Structure formats: C-alpha cells, structure tokens
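The values are calculated or read from the model by the stated rules, or taken from the named source; none is laboratory data. Keep in mind that this is a model prediction, so the values were computed, not measured. Note that each Cβ is placed from the backbone with ideal geometry, even for glycine, and that neighbours are counted across all protein chains shown. Only protein heavy atoms, including side chains, enter the accessible area calculation; ligands, DNA and RNA are left aside. Shrake-Rupley method; radii C 1.70, N 1.55, O 1.52, S 1.80 Å.
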Amino acid sequence: MEHLVINLSPDGNIKDIVNQNEVKEAWNLVKIGLESEMGNSVEERNMIEGGDLDFSNTLPLIKNNILYQLILKDLYHEYSELNKFIEIGTQKYTSQIFGNETVFLNVKRKVEKEDEIAKIKFYAEADPNNNGHLRDIYNAKLKDFLQENYTYSLIWTTEYHIDIKKGKVTLCHSKIKEKANSKYNHSMEYKIILS
C-alpha cells in the first residue's frame, strides 16, 4: 500500500478512510509473515489481535496520533481577540509516560498578526484538578522504583503560521514536555515547514 486516502469534512476533520479495505489487506499480508515467525505467547497473540483491530478500523488509531492533532487542527476562523491569551477550554492528550492514559489539559490561544502572516499560538498544561488517576498509577507502579515523589506536569506549546492571502499553513512548531518527576519525563518537538 502506497498511500492512505482520507475523506475530509468541510471543516477539515477526517470523516473516513477511503481505502480502509486496502489497509486491512496490507495488514493481513504482514500478519501472515509475522505469524510464521512468532510463538503463541499472550503478548504475541495480543499484538496480532491489536493489529486486527487497528487495521480493520484505522481512524481511531490515526486520531490518537500526535501528528493528526497537529496537522489537522481546526484553525480557520475569524479571530477578533488579538495579542492576548484566551482560555478556550479543555483538551485530551494521550500520555506518553503513563501507558496511553488520558491527560486532561487546560488550553489557551493567542493570535498575532505580522504583515500577512497570522500566528496562532496554543498553550496547554495539565489540569491539576482533573488528573488524579495519574497520581494513583504513579504511586502504585512507579514510586518505589523511582524513589521520588510524584510532581506531574505537562506543558504543550504549538505555534502555527498562516499565510493570510493564501489561507495556507506555512509552519507548525510544537513542543511537549511531560514529567512525572525529575527522573522520569518525556519530551517531543516537531517543526513542520510547508512551502
């Protein structure tokens, strides 16, 4: 399979995967090769079953990917508030250090205009009142091993540059830092430049 073909709604969200059957057929070919090399452990069976699920309905897998959240962000609006951060609500993030647990974030947005470029900046951080489940996981599974108290934080900043005349994103720069304490953290940075 060479390309994933997606069908977008007018607001830019993925409605469905046009070639989902081709995705499943490609997985079935890979699976045949894997099964001939694998044993029959619980982990190996779970991997095959997970692949069956993910590649039979690939949209949830794509939507859970950080690049999906960056590239297909809903940006195209009329913005009346400029040069100050505005709280825009909450967002979910999939933790990279807590086994795909959901992290609830508080999100702010700031829009700046510089010549013909609109700069849309997002600042998100973990909601301190809505992520107690992460503390429970840490205390149950990690505290004894890491020998340090839980001091969780997650900060995610993203900046988009949009060419106003062309109505086109020219830059997406995103940084994410998630930490459970000073010894255990995860950082990612993406910079996507489109010409």
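Only one residue in VAL107, VAL103 is without any contact (Cβ under 8 Å) to a residue 40 or more places away in the chain, open to solvent by less than 40 Å² (accessible area, probe 1.4 Å) and in a strand (DSSP E or B). Which one?
Result: VAL107 is the single residue among VAL107, VAL103 that is without any contact (Cβ under 8 Å) to a residue 40 or more places away in the chain, open to solvent by less than 40 Å² (accessible area, probe 1.4 Å) and in a strand (DSSP E or B).
Name the residue that is most open to solvent (accessible area, probe 1.4 Å), counting only residues in the range 9-58 that are under 30 Å from GLU78 (Cβ atoms) and touching a strand residue (DSSP E or B) at 6+ places or on another chain (Cβ under 6 Å).
LYS15
Give the residues of the range 33-46 that are more than 21 Å from LEU4 (Cβ to Cβ) and in a helix (DSSP H, G or I), sorted by residue number.
Correct list: GLU35, SER36, GLU37, VAL42, GLU43, GLU44, ARG45, ASN46.
Select from the range 138-159 the residues that are over 21 Å from the mean Cα position of the chain (by Cα) and open to solvent by less than 40 Å² (accessible area, probe 1.4 Å) and list them in ascending order.
TYR138, LEU142, LEU146, TYR150
For the range 127-179, name all the residues that are closer than 21 Å to LYS108 by Cβ and in contact with a helix residue (DSSP H, G or I) (Cβ under 8 Å, 6 or more places away or on another chain).
TYR152, THR158, CYS172, SER174, ILE176
How many residues, within the range 97-109, are modelled with pLDDT under 90 and in contact with a strand residue (DSSP E or B) (Cβ under 9 Å, 6 or more places away or on another chain)?
1
Six or more apart or on different chains, Cβ atoms under 9 Å: show the pairs whose first residue is in the range 174-195 and surrounded by fewer than 12 Cβ atoms within 10 Å (Cβ to Cβ) and whose second is not in a strand (DSSP E or B).
Partner pairs satisfying both residue conditions: SER182/GLU148; SER182/THR151; LYS183/LEU146; LYS183/GLN147; LYS183/GLU148.
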